[in-house]
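Chemist: Questions regarding the structure given below will be posed in turn.
The values are calculated or read from the model by the stated rules, or taken from the named source; none is laboratory data. Worth saying up front: this structure is predicted, and the values here are computed from it rather than measured. Cβ coordinates were reconstructed from backbone atoms using ideal geometry, including for glycine residues, and neighbour counts include every protein chain displayed. Each accessible area value is taken on the protein alone, full model and side chains, heavy atoms only, with ligands, DNA and RNA left out. Shrake-Rupley method; radii C 1.70, N 1.55, O 1.52, S 1.80 Å.
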Amino acid sequence: MGDQNFRPLWRRSTFSQNIEGNCVEVAFLLHEVWVRDSNAPDRPPLSFAHRPWQEFLARLESPTG
């Protein structure tokens, strides 16, 4: 996360319901996916490689979860 001029494009997760302002935002980068709490945008985001992120989403969508 080195370049101070870099600004990722944050998108609100479709899984967030905006209940009481509690939302998850994601930014897709070349080699990773960043995840942050929309209520704390200045805190460092969580970072995931693309494959584990895709596996996580697949499990969320799975009927057996």
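Chemist: Go through segment 10-65 and give me each residue that's in a loop (DSSP other than H, G, I, E, B), open to solvent by 60 Å² or more (accessible area, probe 1.4 Å) and modelled with pLDDT under 85.
Modeler: Listed by number, the residues that qualify are T14, F15, Q17, N18, E20, P63, T64, G65.
Chemist: Right, next: Find the residue count for segment 27-65, including only residues that are farther than 20 Å from R7 by Cβ and within 10 Å of the chain's Cα centre (by Cα).
Modeler: Adding up the residues that qualify gives 1.
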